[in-house]
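Contents: one structure, followed by commentary.
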Amino acid sequence: MNLFDKIAYSGKTKIITLPSGLKVEIREANGADEELLSNNSAALNGMNLVNYIASVCKKTIEGPDKNFLIEEVLSFKVLDLYYATLQSRMLNFGNLLEFKDICQNAQCAKELEITHDLEEFCGNLEDPNYKPKNEYAIKKYPTSDTHSVFTWMGSEFRFKHLTREMEMKTLNIPATESNKNTPLIARELEAKKDSEWVKLTFFSMFSAKQMAELRRKVAELDPLFAPYIEVICPHCRTHQLFNLFNIRDFYYPGESL
Ligand SMILES: [Zn+2]
């Protein structure tokens, strides 16, 4: 069999549990998947990861209809999407991420060579008592429901967990209109008033201190993933953080320009 007898490369597969509890099967990416990830026009509207994950992930149900629709991936909770992306990278290229960058201390600006084990961001999400191994590791959603409900100041509140689609909407809000409470509005925070849910679009009834508490409650129930790599420059000892998803070698190892 020669190269052109094959229609598509079919490589390794792996079943993973995502932070919401959703199980998916990911397969090693091929050249066509890479095109989805690197498509420039999709990058502008944030669809790259959605298209890529819809291509390399399958449902773990019985039967032929295992592909995810684009709309289904858009409604993935954000941690699920990012964790699937991380697991896919590890399946394609292994656990070690090697990259070069410039020290962020302008006085130093020496080249840094960094190697990081991506396992540091992972964990056994099947474990009901799962605890992240460090502050940058993946967190698990306390519930697999789309909403979280909590009682605070004698009232009942509920909100939707952030999905990729909601996240993309917040990214499109102009900086002048975005503020600390945009994430609450994006999650469609509601409070119960006489057994009816009322959407909260303004927060003037709360003190600043109460708002901080409210945001903390929401963040606990709907955590975000902060996969930073901590690096101390060996030349000037400056401490710096690199966001995994902004590192080109994470997606395309060894192809830094
Ligand atoms: Zn330095």
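Identify the single condition in (1) under 16 Å from the mean Cα position of the chain (by Cα); (2) farther than 21 Å from I53 by Cα that K140 does not satisfy, given that it satisfies every other one.
(2)
What are the pairs, 6+ residues apart or on separate chains, where a residue within segment 104-121 that is among the acidic types (D, E) has its Cβ under 9 Å from a residue that is within 12 Å of the ligand (Cβ to nearest atom)?
Here the result reads E111/D101; E111/I102; E111/C103; E113/D101, each pair linking segment 104-121 to a residue that is within 12 Å of the ligand (Cβ to nearest atom).
I need a count of the residues in segment 65-105 that are farther than 13 Å from L118 by Cα and either among the acidic types (D, E) or within 16 Å of the ligand (Cβ to nearest atom) (or both).
The number of residues fulfilling the criteria is 10.
State whether the residues of segment 56-70 include one that is among the aliphatic types (A, V, I, L, M) and under 14 Å from A29 (Cα atoms).
Yes.
Against the definition (within 16 Å of the ligand (Cβ to nearest atom) and not aromatic (F, W, Y)), how does A109 come out, yes or no?
Working: within 16 Å of the ligand (Cβ to nearest atom): yes; not aromatic (F, W, Y): yes.
So A109 passes the test.
Bear in mind that the values in this text are calculations on the coordinates, not laboratory data. Model, not experiment: these values are computed from the prediction. Neighbour counts run over all protein chains shown; Cβ positions are idealised from the backbone, glycine included.
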